[in-house]
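First up is the structure itself, then whatever we jot down about it.
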Amino acid sequence: MSQTLHLRNLALIGGGAMGEAILKGIVAAGLLPAENLFVGAHRPERAEYLRAAYGVTALTDNAAAVRDADLVILAVKPQMVNDALTPDVAAALPDKAVILSIMGSVPIARLTGIFPGHAVIRAMPNTPLAVGAGMTALAPGDGVPADALEDAKTIFGACGEVVVLQEKEIEAVTAVSGCGPGYVYILVDALADAGVMAGLPRATAIKLAAQTFAGAGRMVLETGLHPDVLRDQVTSPGGTTIAGIHALENHGVRGAMYDAVQAVLDRSEELKGNK
């Protein structure tokens with residue numbers, strides 16, 4: 001993946017945790033000089049923090065932030081769409097600016113209604129983006145230039161892994177990787193609790209559990225082997241690991257994952273109905 005961008009100026013609307021994580025990745029990878037990065041923040045103190053921390057131009061005026069942008073990343077909460085993405089912001093956009101949105105449950109069709117004439121890419125990252133270990137899915141809308149999609153891949157690639165798919169698959173992505181860190185934190189906490197019960201100090205148990213999940217995930221990604229194959233490599237006939245796996249299967253860990261993903265999909269549909 002190229003580590004240069006096909007654009008001059010980038011604007012980011014939303015200077016919260018996810019917005020800062022993206023900004024941090026861009027700056028750390030040297031994708032653009034700080035003077036070519038503009039942020040629209042909700043509060044003056046947040047704007048001042050981002051200016052001091054990253055050397056970017058941070059403003060409380062979103063329209064001013066996007067005025068010279070070739071790519072605009074929307075990193076505000078979905079419920080803030082009407083407040084943050086006002087007609088004056090749309091009017092301030094340069095004609096060829098591309099919109100890249102990380103706002104969950106806000107479809108491309110709605111964004112093209114807010115920004116008529118502008119190509120839109122929808123993204124679904126997750127919170128490990130903040131430590132350079134994110135998982136981001138990109139769904140380009142109609143008319144997205146190839147260079148803009150490559151830029152989106154490069155930006156999120158600086159913060160983790162990237163896949164490109166169709167927008168109709170974004171809800172499933174949300175249920176798997178978007179919400180997935182929450183599931184993993186529960187499992188890390190549960191495994192650590194079991195370690196404490198087995199006699200380990202709490203801090204040691206948490207470190208053992210967390211690094212085990214991190215390492216196992218890395219094994220899947222870097223070897224390219226199916227999880228079943230990797231599981232078999234650590235599962236001796238009649239051994240201790242298969243005894244533990246048997247206990248997990250008896251308690252329905254696999255079914256719990258199916259139910260968790262379906263619960264997210266169901267709740268997402270409910271939230272759409274409330275809008």
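The values are calculated or read from the model by the stated rules, or taken from the named source; none is laboratory data. All values reported here derive from a predicted model rather than from experimental measurement. We place every Cβ from the backbone using ideal geometry, glycine too, and count neighbours over all the protein chains shown. Protein only, heavy atoms only, side chains kept; ligands, DNA and RNA dropped before computing areas. Shrake-Rupley method; radii C 1.70, N 1.55, O 1.52, S 1.80 Å.
Residues that are hydrophobic (A, V, I, L, M, F, W, C), closer than 23 Å to Ala64 by Cβ and either part of a strand (DSSP E or B) or out of contact with any Phe, Trp or Tyr (no Cβ under 7 Å at 6 or more places or on another chain) (or both): does the stretch 143-150 have at least one? Yes, some residue in the stretch 143-150 is hydrophobic (A, V, I, L, M, F, W, C), closer than 23 Å to Ala64 by Cβ and either part of a strand (DSSP E or B) or out of contact with any Phe, Trp or Tyr (no Cβ under 7 Å at 6 or more places or on another chain) (or both).
Results for (1) open to solvent by 30 Å² or more (accessible area, probe 1.4 Å); (2) in contact with a Cys (Cβ under 9 Å, 6 or more places away or on another chain); (3) outside any loop (DSSP other than H, G, I, E, B); (4) within 27 Å of Ala209 (Cα to Cα), shown as yes or no for each residue.
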| site | (1), (2), (3), (4) |
| --- | --- |
| Val162 | yes, no, yes, yes |
| Glu169 | yes, no, yes, no |
| Val173 | no, no, yes, yes |
| Val176 | yes, no, yes, yes |
| Gly182 | yes, no, yes, yes |
| Tyr185 | yes, no, yes, yes |
| Ala190 | yes, no, yes, yes |
| Ala194 | yes, no, yes, yes |
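Counting only residues that are out of contact with any helix residue (DSSP H, G or I) (no Cβ under 8 Å at 6 or more places or on another chain) and of a type in the set (A, V, I, L, M, F, W, C), which one in the stretch 199-224 is least open to solvent (accessible area, probe 1.4 Å)? Explain how you work it out, then say what you get.
The initial filter retains those residues of the stretch 199-224 that are out of contact with any helix residue (DSSP H, G or I) (no Cβ under 8 Å at 6 or more places or on another chain), namely 199, 201, 203, 207, 211, 214-215, 217-218, 221-222, 224.
In the following step, the residues that additionally are of a type in the set (A, V, I, L, M, F, W, C) were identified as 203, 214, 221.
Working: Ala203: 77, Ala214: 59, Leu221: 124 Å².
Among them, the one singled out is Ala214.
Within the stretch 162-216, if we keep just the residues that are within 17 Å of the chain's Cα centre (by Cα) and hydroxyl-bearing (Ser, Thr, Tyr), the residue that is nearest to Ala123 (Cα to Cα) turns out to be Thr174. Does Thr235 fit the bill of being open to solvent by less than 70 Å² (accessible area, probe 1.4 Å), of a type in the set (S, T, N, Q) and either modelled with pLDDT of 95 or more or at positive phi (or both)? So Thr235 fits the description; yes. So, Ile155, is that one in a helix (DSSP H, G or I), surrounded by 20 or more Cβ atoms within 10 Å (Cβ to Cβ) and not basic (Lys, Arg) or not? Spelling it out, Ile155 is indeed in a helix (DSSP H, G or I), surrounded by 20 or more Cβ atoms within 10 Å (Cβ to Cβ) and not basic (Lys, Arg). For the structure I just gave you, tell me whether Ala91 is under 16 Å from Ile13 (Cα atoms), among the small types (Gly, Ala, Ser) and open to solvent by 50 Å² or more (accessible area, probe 1.4 Å). Yes.
For the criterion of being among the hydrophobic types (A, V, I, L, M, F, W, C) and surrounded by 13 or more Cβ atoms within 10 Å (Cβ to Cβ), Val261 passes.
Just wondering, is there one or more residues in the stretch 235-246 that are in contact (Cβ under 8 Å) with a residue 40 or more places away in the chain and under 19 Å from Thr212 (Cβ atoms)? Before the answer, list the steps.
Of all residues in the stretch 235-246, those in contact (Cβ under 8 Å) with a residue 40 or more places away in the chain come to none.
Checked against the condition, which is being in contact (Cβ under 8 Å) with a residue 40 or more places away in the chain and under 19 Å from Thr212 (Cβ atoms), the stretch 235-246 yields no hits at all.
In a residue-by-residue description of the stretch 70-81, the property of being among the aliphatic types (A, V, I, L, M) and modelled with pLDDT under 95 applies to at least one position.
If you go through the stretch 108-134 and keep only what is closer than 23 Å to Pro181 by Cα, outside any helix (DSSP H, G or I) and modelled with pLDDT of 95 or more, you end up with Arg122, Ala123, Met124, Pro125, Asn126, Ala133, Gly134.
How many of the residues in the stretch 49-70 are surrounded by 23 or more Cβ atoms within 10 Å (Cβ to Cβ) and within 12 Å of Leu10 (Cβ to Cβ)? Selection size over the stretch 49-70: 4. When the criteria are applied in full, Thr204 meets the requirement of being in a helix (DSSP H, G or I) and either touching a residue at least 12 places away in the same chain (Cβ under 8 Å) or among the β-branched types (Val, Ile, Thr) (or both). For the stretch 229-242, the condition of being in contact with a Leu (Cβ under 6 Å, 6 or more places away or on another chain) and aliphatic (A, V, I, L, M) holds for none of the residues.
Do any helices (runs of 4 or more DSSP H) entirely within the stretch 214-275 hold 1 or more residues that are closer than 19 Å to Met135 by Cβ, and if so, which? Show your work before the answer.
Working: elements: 227-233, 240-250, 253-273.
Helices (runs of 4 or more DSSP H) meeting the threshold: 227-233, 253-273.
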